[in-house]
Amino acid sequence: MRYVILGCAGVLAAAVACTRATPPVPAPAGGGTILAADQGELYYLGRRQSPTRIKVDPKVAGSRHLFMLTEVLPPGTGVPVHRHTHDEEILFIHAGTVTVTLGDRQTEARAGATVFIPPNTWIGVQNTGSEPATFLAIFADPSTGDYFRGIGRAPGDPRPPPTDEEFAALNRRHHMVYR
């Protein structure tokens, strides 16, 4: 069994300020990875250009069964309402205040809240607060990182955002449906 220890303090400042991650701390005998707030792969997502850091997946931490990211949402921005047709997801609101769309309902969630999203359930997150909001997303499908690498751009990546056709292909491949 592999253990992953994640440090979340300072995720907000690190995600905004850092463009290069320092390498993860090598695993001691027995495996595992320890990542500081500024470690992992940094991407900027979509039109909102929110800093998103892939923290755990096969490429970053050698995970065989899990994926985790952190994302910072500036005030007034959000994750569009969508559903994962095959995957469960867990969101942990680390900082800030957001409005979560879960199925047919909308609920305010503050720092410390946890949201469980079953497969095929509509989910969206909107930062309704006056400060940046940070959340963690966890999936049991480690290939989820490839979706975020496809829709995001790393600092200094000169490629334009994905075209509508590329975005649709990524959504099909990763079982994503947007409202």
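The values are calculated or read from the model by the stated rules, or taken from the named source; none is laboratory data. Computed from a predicted structure; not experimentally measured. Ideal geometry is used to build each Cβ from the backbone, glycine not excepted, and the neighbour counts take in all protein chains shown. These accessible areas exclude ligands, DNA and RNA; they are computed on the full protein's heavy atoms, side chains included. Shrake-Rupley method; radii C 1.70, N 1.55, O 1.52, S 1.80 Å.
Which one of the conditions (1) within 25 Å of Glu108 (Cα to Cα); (2) touching a Phe, Trp or Tyr at 6+ places or on another chain (Cβ under 6 Å); (3) among the hydroxyl-bearing types (Ser, Thr, Tyr) does Thr144 fail to meet, given that it meets all the rest?
(1)
Residue-wise test of (1) open to solvent by 30 Å² or more (accessible area, probe 1.4 Å); (2) in a strand (DSSP E or B); (3) closer than 20 Å to Arg149 by Cβ.
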residue	(1), (2), (3)
Lys59	yes, no, yes
Ser63	no, no, yes
Met68	no, yes, yes
Phe92	yes, yes, no
Thr101	no, yes, no
Thr107	yes, yes, no
Ser130	yes, no, no
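Suppose we keep only residues that are charged (D, E, K, R) and open to solvent by less than 50 Å² (accessible area, probe 1.4 Å) within the range 143-179. Which one would you say is farthest from the chain's Cα centre (by Cα)?
Restricting attention to the range 143-179, the residues satisfying the condition of being charged (D, E, K, R) are 146, 149, 153, 157, 159, 164-166, 172-173, 179.
With the extra rule that they be open to solvent by less than 50 Å² (accessible area, probe 1.4 Å), the set shrinks to 149, 153, 157.
Details: Arg149: 11, Arg153: 13, Asp157: 19 Å.
Applying the filter and picking the extreme gives Asp157.
Would you mind finding the one in Thr97, Thr134 that is crowded, with 19+ Cβ neighbours inside 10 Å, in contact with a Ser or Thr (Cβ under 7 Å, 6 or more places away or on another chain) and modelled with pLDDT of 95 or more?
Values: Thr97 fails: crowded, with 19+ Cβ neighbours inside 10 Å.
The match here is Thr134.
Taking the options Val125, Val79, Val72, name whichever one is in contact with a helix residue (DSSP H, G or I) (Cβ under 6 Å, 6 or more places away or on another chain), surrounded by 19 or more Cβ atoms within 10 Å (Cβ to Cβ) and either on the phi > 0 side of the Ramachandran plot or not in a loop (DSSP other than H, G, I, E, B) (or both). So that I can check it myself, show each step before the final result.
On the way: Val125 fails: in contact with a helix residue (DSSP H, G or I) (Cβ under 6 Å, 6 or more places away or on another chain); Val79 fails: in contact with a helix residue (DSSP H, G or I) (Cβ under 6 Å, 6 or more places away or on another chain).
It is Val72.
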